[in-house]
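Okay, structure first, notes after.
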Amino acid sequence: MDTKRTVFPSQGLPYLLVAPQIIITLIFFIWPAGQAVKSSFEREDPFGLATSFVGLSHYVRLFQDPAYLASIGRTAVFALAVTVISMGLALILAVAVNRLIRSATTYSTLLLWPYAVSPVVAGILWWFLFNSSTGILPYMLSFFGVDWNHQLNGTHAMILIIVAASWKQISYNFLFFLAGMQSVPQSLNEAAAIDGAGPFKRFWTIVFPLLSPTTFFLLIVNLNYTMFDTFGVIDATTTGGPNQATNILVYKVYTDGYIGLNLGSSSAQSVILMLFVIALTVIQFRYVERRVQY
Amino acid sequence: MASIDIKGVRKVYPGNVKAIHALDLSIEDGEMVVLVGPSGCGKSTLLRMIAGLETITDGTISIGSDVVNRKEPAERDIAMVFQNYALYPHMSVRQNLEYGLKNRGTPRDEIDRRVTEAARILEITPFLERKPRQLSGGQRQRVAMGRAIVRQPKAFLFDEPLSNLDAKLRGQMRIEIRRLQRNLKTTSVYVTHDQLEAMTLADRLVVMNGGRIEQVGKPIDLYDRPASLFVAGFIGSPPMNLIPVEQLRALAGAAMPVLPEGTDILGIRPDGIMVGGSGGIPLSGVVELIEPVGGESHLYVRVEGIDQVLILVLQGRAEVAETERVDFVLPVAALHGFNRESGKRVE
């Protein structure tokens, strides 16, 4: 494709214009990331006075640590559950709103609100709703014989953070699904209707396959979200408990590093997470771009 | 195959926007009817009501002997070719052709037989395994037609199917559609805003304007005897010349023929005007512009005495040059009389 080249009057100007972004990236991302990689190979004494190089021993120890392996398992459950729930509900909502003619904008706006809520506030909101002594949801659940207590029951705690994290993410997914659906030409639906496909069949054979680039993109983004951006939700509700039941990888980086002050191990954990996000991003760039259908 | 009967059909959109006013039209079995008119005249709305993609506010539409007002598009047994082709982008050409048959539970061997046959007729056999985006515009157009014919429906509905093609391909596909429809003898309704396409494709032509039918008939009858000023101006290219009677009378004097009561506009086709002849209303004017289109030439002549430009079509090359003066006559037999008030033809 022909893109217009901008010609600058002096050679230094373009560098000057991109400098602020580069400087911010260097100071707040590249440098700390480099520090994390460096300290993941080091052991530091309790007072921070001496450090020694220990090679890969933090990494080796991590993968021999049952607590860390359990955390990987929990993270997988949490990430998959949030991704499936938030994408599934978002898709249903997008289909529903896409059928509306006049009130679609109103509903879209209202459905976007949860995205504006900060993760901590979202967590606290659900914490109140699920509070075992004052919350309305445990009260309702008690009629079904469920004795809800996320402060004692690890499964309940996990459900709580899944619900809170999903709720926030539905808005984002909804917006992308709706935009994706609106870019499917109406005439395709009409042609399929004439071709004898009912609304349900039309959705699964025409609309959903055409949404696949959007779905794949969201899958990657959601996995990223659950693994990295849910710190606030967890910190505000369960703080990783009870008994580590909700201590997912990103939260464990914090607990081991800032609370346990095991900076070397914490750094190694964050490097592993960093490698994971790099892998996801590579997958996204390689396949999402290529799989665009129309 | 079936006839299509439209009785008293109206379409009113929310906000009391009247798209179609009580309209009657019968389309016979095997006939190709072309709906033509300017944009917004309601022709596409009418087609979409036949297809079942728009609700019918009032009146009835029957396909064969069934009233289809309340039937889903799928139950009407019609096939439609869309302006943008509406091919399923994620399916191969073969899957596109099969989709409608599969949905109806057609047996596998029957599907294969029909797809092979349609692909052969439309010469798309080499592309059956390709995706629509790998095809040219003309090939996509053929696939869209193929998707219609494999279904062997009661009727074909065409919604401006050629308007996305370039001029040469459009002419070619026009002939193919005509040939295909003649061979299959499937009742067809074809919507276009291109009057040349309309004239050449139609068994019967329906000229629409402002949600009403202006005139229905054989294309050549509409050309020869337009029922209204609108049809006179719409059918034929270059369009019919329309001249106010009082101005013409002042110029023509004794040569002015006796006109029926109420005639206040006279129309004449550009090819009806004779240069240098006699026996009619003699006029003269200055040639402002000549468009040589090859076999014929279009002359834009500013008539002396009335401030109006007439278009003349001359066979062959024009023997006059621009800015030259030219004498011509309007033969009485070639004149069409209209009433300005009603817009209708006066006999």
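Just so you know, all these numbers are worked out from the coordinates, no wet-lab data involved. Worth saying up front: this structure is predicted, and the values here are computed from it rather than measured. Cβ sites come from the backbone with ideal geometry, for glycine too, and all protein chains shown count toward neighbours.
Treat every Asp and Glu Cβ in segment B:132-281 as -1 and every Lys and Arg Cβ as +1, leave all other atoms uncharged, and give the resulting dipole magnitude about the Cα centre to the nearest 20 debye. Show your work: numbers first, answer last.
On the way: 19 positive and 14 negative charges, 230 e Å.
Dipole of segment B:132-281, to the nearest 20 debye: 1100 debye.
What translational diffusion coefficient, in µm²/s and rounded to a whole number, does the Stokes-Einstein relation yield for chain A at 25 °C and a viscosity of 0.890 mPa s, taking the hydrodynamic radius as the Kirkwood radius over Cα pairs? Working shown, then result.
Numbers: Rh = 22.4 Å.
In µm²/s, the coefficient is 110.
For residue B:271, which sequence-distant residues (separation of 5 or more, or a different chain) have an amide H within less than 5 Å of its own amide H, given hydrogens modelled in the peptide plane? HN-HN under 5 Å from residue B:271: B:313.
What fraction of the Cα pairs in segment B:69-185, stated in percent, has a spacing above 25 angstrom? For segment B:69-185, the fraction of Cα-Cα distances above 25 Å is 17 percent. For segment B:241-338, relative contact order (Cα pairs under 8 Å, six or more residues apart, normalised by length) works out to 35 percent.
Cβ-Cβ distance of residue B:163 and residue A:277, R₀ of 56 Å, FRET efficiency by 1/(1 + (r/R0)^6): the value works out to about 0.70. Given the options A:146, A:82, A:54, state which has the largest fluctuation in a GNM of chain A using a 10 Å cut-off (strictly under) for Cα springs. Comparing A:146, A:82, A:54 in the GNM, the peak value goes to A:146. Remark: relative contact order (segment A:149-294) = 28 percent; criterion is Cα-Cα distance under 8 angstrom and separation of 6 or more residues. Springs join every pair of Cα atoms under 10 Å in this Gaussian network model of chain A, and among A:141, A:280, A:13 the largest mean-square fluctuation is at A:13. Shown here are the Rg and Dmax of the Cα trace of segment B:143-247, at 15.7, 59 Å.
For segment A:100-112, 3J(HN,Hα) computed residue by residue from phi via the Karplus equation (6.51, -1.76, 1.60; θ = phi - 60°) reads 6, 9, 9, 8, 4, 5, 4, 4, 4, 4, 5, 5, 7 Hz, glycine and proline entered as x.
Restricting the calculation to Cα atoms, segment A:151-206 shows an Rg/Rh of 1.30 when the hydrodynamic-style radius is the Kirkwood one. Stokes-Einstein, applied to the Kirkwood radius of segment B:241-338 over Cα pairs at a viscosity of 1.002 mPa s and 20 °C, places its translational diffusion at 158 µm² s⁻¹.
Can you give the percent of C-alpha pairs in chain B whose distance is more than 39 Å?
On the way: 17099 of 60031 pairs.
When all Cα pairs of chain B are counted, 28 percent exceed 39 Å.
Near the amide H of residue B:209, within less than 5 Å, lie the amide hydrogens of B:214, all on another chain or at least 5 residues away, with H placed in the peptide plane. Between the alpha-carbon centres of segment B:59-74 and segment B:213-235 there is a gap of 29 Å.
Between helix B:108-122 and chain B there is an angle of about 30 degrees, using the helix long axis and the longest principal axis of the Cα atoms.
Using C-alpha pairs under 8 Å with a sequence gap of at least 6, the mean separation divided by the residue count of chain B gives a relative contact order of 16 percent. For residue B:168, the lysines whose Cα falls under 28 Å of its own Cα, not counting residues fewer than eight places away in the same chain, are B:43, B:131, B:185, B:218.
Looking at chain A, which longest stretch skips every one of the trypsin sites (Lys or Arg not before Pro) that is in a DSSP loop with at most 16 other Cβ atoms within 10 Å, leaving the sites themselves out? Here the longest run is A:103-289. On the principal axes of its alpha carbon atoms, the protein assembly as shown extends 121, 71, 51 Å, with the longest extent given first. In order along segment B:321-331, the phi-based Karplus estimate (6.51 cos²θ - 1.76 cosθ + 1.60, θ = phi - 60°) of 3J(HN,Hα) comes to 10, 4, 6, 7, 8, 9, 9, 8, 10, 9, x Hz; Gly and Pro are listed as x.
Cross-link pairs exceeding 25 Å between alpha carbons, from the set B:11/B:102; A:201/B:71; A:201/B:11: B:11/B:102; A:201/B:11.
Each residue of segment A:136-153 was assigned a 3J(HN,Hα) from its phi angle through the Karplus curve 6.51 cos²θ - 1.76 cosθ + 1.60 (θ = phi - 60°); the sequence is 7, 5, x, 4, 5, 5, 4, 5, 9, x, 9, 9, 6, 7, 6, 7, 10, 9 Hz, with glycine and proline shown as x.
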